[in-house]
Amino acid sequence: MLAKVMSCAIVGLDADIVEVEVDIIRGAPAFNLVGLPDAAVRESRDRVHSAIKNSGFSFPAGKRLTVNLAPADLRKEGPAYDLPIAVGILAASQQIWPEKMKNGIFIGELSLDGTTRHTKGILPMTALARTEGYERVFVPAVDAGEAGLLPDVEVLPVTNLAELVAHLTGLKPIQPFTMDLKEVFGNDPIYAADFADIMGQEHVKRALEIAAAGGHNLLMTGPPGAGKTLLSKSLPSIMPRMSVEEALEVTKIYSVAGLLPADTPLIRNRPFRSPHHTISYAGLVGGGAWPRPGEISLAHRGVLFLDELPEFSERLIEVLRQPLEGIPREVSISRASGTVTYPANFMLVAAQNPCPCGYYGDPTHECTCSNAMVTRYQKRISGPLMDRIDLHVEVPRVAFEKLTAVAANESSAVIRERVEAARARQAERFANSSLYCNADMGPSEVRELCQLDETGQRLMKSAMSQMNLSARAFHRILKLGRTIADLAGDADIQPVHLAEALQYRPRQL
């Protein structure tokens, strides 16, 4: 008998419908699995066989069993096909009736005892089921919270195979899972660090506030122990809270990457990714035989922190140029089987020492590097990449008096209010465009929205000549001035805003 069960396959960050066809006929005993499966899918034959028997059902013995995953030219990977294959076998062997499976999508990995296990990619597969008009999805009970993030589709949590069969035969229906998304967003997220705990470095905090308000990239240079890493880790605490749409975008990426914990169906904090400088190209950008999102995609809508920036290989550093400049900000990975595109709209925050020993220019610690070593170290970062970084900030050593001061520092919550107010002005400004924040503006938007008065034009003309600025630097300074004006609540860019923007630009790149 032939049975058909609907499931899904992950392709990039999206999903495609997969039809699981199961045919049982007389013949030499065999269990054939076709349809371009990977090793994990092929191994499902053993998992499904044990799950069916250990759940109290009979596995077709002495017959030829063929499972086809259609379309056959779409590569299938992962254990998510265990549940639909098991259901298909039970339907083909007439232990359940196919009519009960109509308008449903089945997803999930099975243990040998028939219980379901956490499966990655649930969110995009549920989204596809809703788009394609399927009424319900059957998912592992542990993943019901992730599937329940989307409305207009019934989520049925499956604890084990026996429970699912009882539902399909009408003996004991499974109660649909419901989730109140507004309730999930009700409480403020918990952050790793707060600006109130950082002593001193007021000018760096101001630069981070500007970066968060406009989505600008930032580079901190200073000796070891000055607080560059702590300041960077505190940045998400002053960034605007993620909207529901942004949270779903980020959750989708982490779900596909297999990094979404089973007990955390929705990511509410903006991502903070800090890869080590020994990371591979595929680890940073994404890729592999079966492409996976890299760190720059995992940092989408958040922060990508590159500590010790000159220690990263030149190939890794230069690959950042495209996602930092392009609109939409994304990265494409091409393979013989096709091309997948992942979003990569992140804020780049980098930190570096001024020299290999870290103490070049330090007033209290002697530098042990030669001039040639310092020059060679500082030239590891190319001019084009440095030109794409909006804010360049010196992070000096913190004095004893600052470290022991008892005065209360401004908390992240207070700073975040100003940042969110500035972002609200930008959202109103870009309401009829695809732009997200000031950093996304192109030359035409800069020309229209970053007008200078006569004093500002004279100041900018002088800066262009004295600082040897490029055309890209010119536009980035104007965008930075626009953000500073937004923080101040001003409709126009004033000379004082422009002067502050210029101080974050190095004289020569």
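Side notes on the structure shown:
- So residue 355, is it surrounded by 20 or more Cβ atoms within 10 Å (Cβ to Cβ), more than 25 Å from the chain's Cα centre (by Cα) and free of Cβ contacts under 8 Å to residues at least 60 places away in the same chain: yes
- The listed residues are 82, 38, and the only one of them that is within 30 Å of the chain's Cα centre (by Cα) and either open to solvent by 20 Å² or more (accessible area, probe 1.4 Å) or touching a residue at least 40 places away in the same chain (Cβ under 8 Å) (or both) turns out to be 38.
- As a summary of the residue check, residue 491 satisfies the conditions (1) at pLDDT 90 or above; (2) in a helix (DSSP H, G or I); (3) open to solvent by 70 Å² or more (accessible area, probe 1.4 Å) except for the one numbered (2).
- Qualifying positions in region 152-173 - over 29 Å from the mean Cα position of the chain (by Cα), surrounded by 19 or more Cβ atoms within 10 Å (Cβ to Cβ) and either outside any helix (DSSP H, G or I) or basic (Lys, Arg) (or both): 160
- The listed residues are 220, 125, and the only one of them that is part of a strand (DSSP E or B), in contact with a strand residue (DSSP E or B) (Cβ under 8 Å, 6 or more places away or on another chain), closer than 29 Å to residue 346 by Cα and of a type outside the set (Asp, Glu) turns out to be 220.
- Looking only at region 466-487, and only at residues there that are of a type outside the set (A, V, I, L, M, F, W, C) and over 24 Å from residue 417 (Cα atoms), the one that is least open to solvent (accessible area, probe 1.4 Å): 476
- Top-ranked residue of region 273-324 - restricted to ones that are out of contact with any strand residue (DSSP E or B) (no Cβ under 9 Å at 6 or more places or on another chain) and among the β-branched types (Val, Ile, Thr), ranked as surrounded by the most Cβ atoms within 10 Å (Cβ to Cβ): 279
- Count of residues meeting criterion [surrounded by fewer than 17 Cβ atoms within 10 Å (Cβ to Cβ) and among the β-branched types (Val, Ile, Thr)] in region 89-121: 0
- Number of the exception - residue 47 against (1) modelled with pLDDT under 95; (2) open to solvent by 20 Å² or more (accessible area, probe 1.4 Å); (3) not acidic (Asp, Glu): (1)
- Filter result for residue 120 (in contact with a helix residue (DSSP H, G or I) (Cβ under 7 Å, 6 or more places away or on another chain) and not in a loop (DSSP other than H, G, I, E, B)): no
Per-residue answers, yes or no, for (1) at pLDDT 95 or above; (2) in a helix (DSSP H, G or I); (3) surrounded by 16 or more Cβ atoms within 10 Å (Cβ to Cβ):
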{"position": "146", "(1), (2), (3)": "no, yes, yes"}
{"position": "150", "(1), (2), (3)": "no, no, yes"}
{"position": "182", "(1), (2), (3)": "no, yes, no"}
{"position": "210", "(1), (2), (3)": "yes, yes, yes"}
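- Scan of region 364-389 for residues that are farther than 19 Å from residue 219 by Cβ and touching a residue at least 12 places away in the same chain (Cβ under 8 Å), ordered by number: 364, 365, 367, 369, 373
- Across region 422-445, the number of residues qualifying as in contact with a helix residue (DSSP H, G or I) (Cβ under 8 Å, 6 or more places away or on another chain), closer than 17 Å to residue 210 by Cβ and among the hydrophobic types (A, V, I, L, M, F, W, C) comes to 4.
- If you go through region 267-308 and pick out every residue that is of a type in the set (Ser, Thr, Tyr) and either under 10 Å from the mean Cα position of the chain (by Cα) or part of a strand (DSSP E or B) (or both), you end up with 1.
The values are calculated or read from the model by the stated rules, or taken from the named source; none is laboratory data. These numbers come from a predicted model, not from an experiment. In this analysis, Cβ positions are derived from the backbone assuming ideal geometry, glycine residues included, and neighbour counts consider all displayed protein chains. These accessible areas exclude ligands, DNA and RNA; they are computed on the full protein's heavy atoms, side chains included. Shrake-Rupley method; radii C 1.70, N 1.55, O 1.52, S 1.80 Å.
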